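The structure appears right after this line, and notes come after that.
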Amino acid sequence: MILITGANIPLDQLPAPLAALGRRVPMTHGLEAVRRAIAGDTSGIAGLLGIEVLVGVIFTASGIVLFRYAERRARRTGSIHLWAATSEGGSVR
């Protein structure tokens with residue numbers, strides 16, 4: 001995954017399909033913001049970091065929703081005790 005973000009090879013040197021995919025990977029925007037900051041070019045950094053923050057919010061919200069769904073399902077099916085027993089180092093009988 002890091003190969004297509006432009007961290008090792010610039011995106012413009014990658015084949016077109018990989019470069020297009022790399023532009024959609026969230027880490028690419030963060031790397032570009034860091035490169036611009038190091039070079040002293042502050043134009044566009046706020047937008048790039050804004051994309052990173054938005055992705056973080058979306059991932060966090062998705063994680064919370066998926067966890068709550070899994071917890072409700074486990075409680076409904078009666079399998080939550082299986083998780084609790086294995087997470088505490090106990091065995092499931």
Notebook entry, point to check: Exactly one of (1) among the hydrophobic types (A, V, I, L, M, F, W, C); (2) in contact with an Asp or Glu (Cβ under 8 Å, 6 or more places away or on another chain); (3) exposed (fewer than 10 other Cβ atoms within 10 Å of the Cβ) is unmet by ALA33. Its number?
Noted result: (3)
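I'd like the residue in the range 1-25 that is among the charged types (D, E, K, R) and under 17 Å from ARG36 (Cβ atoms) and, out of all such residues, is nearest to the chain's Cα centre (by Cα). Walk me through how you get there before you give the answer.
Of the residues in the range 1-25, the ones among the charged types (D, E, K, R) are 12, 23-24.
When the remaining residues are screened for being under 17 Å from ARG36 (Cβ atoms), the result is 12, 23.
On the way: ASP12: 23, ARG23: 14 Å.
Ranking the qualifying residues of the range 1-25, first place goes to ARG23.
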Next item on the list: Would you please list the contacts, defined by Cβ atoms under 9 Å and residues six or more apart or on different chains, that run from a residue in the range 50-61 that is more than 16 Å from GLU32 (Cα to Cα) and of a type in the set (Val, Ile, Thr) to a residue that is modelled with pLDDT of 90 or more and surrounded by 10 or more Cβ atoms within 10 Å (Cβ to Cβ)?
Entry: none
Next item on the list: Report, ordered by the first and then the second residue, all pairs with beta carbons closer than 8 Å, sequence separation of six or more or different chains, a first member in the range 21-33 that is on the phi < 0 side of the Ramachandran plot, and a second member that is among the polar types (S, T, N, Q) and crowded, with 16+ Cβ neighbours inside 10 Å.
Entry: GLY22/THR5; GLY22/THR28; VAL25/THR5; MET27/THR5; THR28/THR5; LEU31/THR5
Next item on the list: Given the conditions (1) in a helix (DSSP H, G or I); (2) at pLDDT below 90, report the number of the one that LEU49 does not fulfil.
Entry: (2)
Next item on the list: Hey, can you tell me all the residues within the range 26-41 that are more than 21 Å from the chain's Cα centre (by Cα) and either of a type in the set (Asp, Glu) or modelled with pLDDT under 90 (or both)?
Entry: ASP41
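The values are calculated or read from the model by the stated rules, or taken from the named source; none is laboratory data. Remember, it's a predicted structure, so these values are computed and weren't measured experimentally. Positions of Cβ are backbone-derived with ideal geometry, glycine not excepted, and every protein chain shown enters the neighbour counts.
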